[in-house]
1. Using the structure shown, decide if Asp114 is out of contact with any Pro (no Cβ under 6 Å at 6 or more places or on another chain), in contact (Cβ under 8 Å) with a residue 24 or more places away in the chain, open to solvent by 60 Å² or more (accessible area, probe 1.4 Å) and charged (D, E, K, R).
2. Working only within the range 62-104, note down all residues that are under 19 Å from Lys15 (Cα atoms) and either near the ligand (Cβ under 8 Å from one of its atoms) or open to solvent by less than 40 Å² (accessible area, probe 1.4 Å) (or both).
3. Output the residue which, of all residues in the range 16-26 that are under 14 Å from the mean Cα position of the chain (by Cα) and open to solvent by 30 Å² or more (accessible area, probe 1.4 Å), is farthest from the ligand (Cβ to nearest atom).
4. Given (1) in contact with a His (Cβ under 7 Å, 6 or more places away or on another chain); (2) modelled with pLDDT under 95, identify the lone condition not met by Arg10.
5. Given the condition under 12 Å from Ile21 (Cβ atoms), assigned to a helix (DSSP H, G or I), at pLDDT 90 or above and polar (S, T, N, Q), answer yes or no: does some residue in the range 95-115 qualify?
6. Out of (1) touching a helix residue (DSSP H, G or I) at 6+ places or on another chain (Cβ under 9 Å); (2) modelled with pLDDT of 85 or more, the odd one out for Tyr153 is which?
7. Evaluate the range 164-184: report whether one residue or more is touching a helix residue (DSSP H, G or I) at 6+ places or on another chain (Cβ under 7 Å) and at pLDDT 85 or above.
Amino acid sequence: RINKICRRERVYRMKKNFIVIGLGRFGSNVAITLAETNSDVLAVDIDKDAVKSVSKKVPHCVIADATNLDVLTELGAGSIDHAVVAIGNNLEASILTIVNLKKLNVKKITVRADEEGHKELFKMIGATEVIIPEENAAVFLANQIKSDSIIDYYIIDKDYVMVKINVGKKFTSRTLADLNIRNEFDVNIVGIVRDDEFRIP
Ligand code: ATP
């Protein structure tokens, strides 16, 4: 029984919580997706209408100015695991918000940037990841249309990518051991989808 409780405790503690600051198209989609997949997420925007537009789909959302450290502290940002700063083209507000999150010891700070030139600046002041959504979407689209068999992919780092692909009869008619994929292609299979069902090999 104690084991069971401990296990439950661990699961409870393992659930990450997020704050999404800035609810334009990008930030609101991040917040809504997190909420719809049962993550703990607090959505914040300085603008009343922006907050209102996500309020039906995100249970916890507030109107607040993230450039104000006291406000962020009061919102409990200090105990957040991962912050997403999606303030867009307001450079000054993005900078002040990142600095505040850093002061509050938030370990992961993902920032949406509008231009390449801001990437380095955001990283220097504490962003752990900086993304330019248009760039990501373009690379994704180019790779997807290049190959008919790629359904989805995720770049893990410069040497590793996780790819979901369609495989032909040549593969489906044989066993994994027989295919010897790791040695033949330097690829590790982490999952198989067959008849809409996911299995771990
Ligand atoms: P797009 O909508 O084209 O994807 P985006 O999401 O990057 O662009 P905006 O649409 O400009 O950018 O949205 C940025 C949001 O950030 C706005 O809703 C704005 O009100 C909000 N914002 C700006 N300053 C602050 C601040 N100090 N604190 C909280 N939110 C802010």
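The values are calculated or read from the model by the stated rules, or taken from the named source; none is laboratory data. Nothing here was measured: the structure is a model prediction, and the numbers come from that model. Neighbour counts are summed over all protein chains in view; Cβ atoms, including those assigned to glycine, are modelled from backbone coordinates with ideal geometry. Ligands, DNA and RNA are excluded from the accessible area calculation, which covers all protein heavy atoms including side chains. Shrake-Rupley method; radii C 1.70, N 1.55, O 1.52, S 1.80 Å.
1. Taking the combined requirement at face value, the residue satisfies it.
2. Gly76, Ala77, Ile80, His82, Ala83, Val84
3. Lys16
4. Unmet condition: (1).
5. Yes - at least one qualifying residue is present in the range 95-115.
6. Single failed check for Tyr153: (2).
7. Yes, the range 164-184 has at least one match.
One line per residue, one yes/no per condition, for (1) touching a Ser or Thr at 6+ places or on another chain (Cβ under 6 Å); (2) open to solvent by less than 40 Å² (accessible area, probe 1.4 Å):
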| residue | (1), (2) |
| --- | --- |
| Ser28 | no, yes |
| Thr33 | no, no |
| Val54 | yes, yes |
| Val106 | no, yes |
